[in-house]
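For reference, the structure discussed in these notes is given below.
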Amino acid sequence: MKSSLYILILIFIIACDNKDGNNSEITKKNIVDTVVSANIKEEYSIIDSEIEKCSCKNFNSTKKFNHFNADVRFDNHSYAKNKKDSIFNYYAQDSLKLIVKSIAFHNFDTIPDKYSIFKNIEHIIVDSRNNIYGLDMFPKLKSIVFWGSTITINSSEKWLNRIEFFRAEKSRIYGFETFKTTPNLKEIYLAHSKFDVFPADFNNLKCLRKITLGAYLGKLDLSLINLIYNPCIEKVNITTWNDSVKGIPQGLDTNKHFKIIISHPRLTKEEKATIDFYVQNRKKLQNEF
């Protein structure tokens, strides 16, 4: 009510101060800007108390793994069999097997049980066009990268529940039907890749801090995503020239301070204006609230 009264008084004052018709356009703009800003503040004072707060721990900065390099790499080719076996035998020693924290698997479809001796694996890189099974043998797995892969996810596998970082480059991911299976995901990074069907329940990602979709290749209606239900979100970067992506996310009318970059061919003028308005007002409102 106070905000509405303030707006009426301000409009009256501006109108009186601008009797000259030459200033009518400036007057209209001032009124519109003032009304919008006041409405935003009033809306925020109501919505902020309803926004869920982030209760998830951030990434452990000491455990960031390179998405190309791993401690050990195994190639599942007949010509590399001797080399693969010699590498395994070397790292299978008691003095080494527990210090290996990341493995790259090339051209595997099923990871042999013998690799379960590596009990401290936190990061895995997969390069395969024949799916991949056996990831559940690594109970501490937190991070996974698919490179040049065509993978069908088995939603019943337990590693999904533990994963915090999911990255896919030049890959196609099938069977990833719901984010309910990945409640601990903190970052999604897809480049020149796609989910066969992008899961509709983005609101289940309560710990997600960053999502990057670069040159995303699948169909995606961003208007079906409401970022108000992702309490930990810090950065949204969706940039693609593929016209199968459309719209912008909901949740840009709340007092949340995440960074957002949206660029795709189907972005309308109104949507661009909404994003720009959000970005500009975050800068102002951060100093006012």
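Between Lys158 and Leu96, the distance separating the two model label sites (each 7 Å from Cα on the Cα→Cβ line) works out to 2.8 nm. Put the Cα centre of the stretch 65-139 next to the Cα centre of the stretch 227-289 and the gap is 40 Å.
By the count of neighbouring beta-carbon atoms within 10 Å, fewest first, Tyr174, Tyr189 end up ordered Tyr174, Tyr189.
Once the chain from Ile117 to Ser223 is taken as fully extended at 0.36 nm per residue, the excess over their C-alpha distance is 33.6 nm. For the residue pairs Lys235/Lys272; Lys114/Lys219; Lys158/Lys206; Lys219/Lys269; Lys186/Lys272, alpha carbon separations beyond 29 Å are given by Lys114/Lys219. Of the trypsin sites (Lys or Arg not before Pro) found in the stretch 113-162, those that fall in a DSSP loop while having at most 15 other beta-carbon atoms within 10 Å are Lys119, Arg129, Lys140, Lys158. Model label points for His77 and Thr178, set 7 angstrom from Cα along the Cα-to-Cβ axis, are 4.1 nm apart. Arranged from fewest to most other beta-carbon atoms within 10 Å of their beta carbon, Cys54, Cys232 become Cys54, Cys232.
Dipole magnitude for the stretch 171-218: computed about the Cα centre from +1 point charges on Lys and Arg Cβ and -1 point charges on Asp and Glu Cβ, it is near 200 debye. With a cut-off of 20 Å on the backbone N, the residues of the stretch 171-209 near the modelled label site 7 Å out from Phe59 along Cα-Cβ are 171, 182-194, 205-209. Restricting the calculation to alpha carbons of the stretch 176-216 gives Rg and Dmax of 10.0, 25 angstrom.
None of the figures in this text is laboratory data; all of them are computed from the coordinates on show. Keep in mind that this is a model prediction, so the values were computed, not measured. Please note: Cβ atoms are built from the backbone with ideal geometry, for glycine as well, and neighbour counts cover all protein chains shown.
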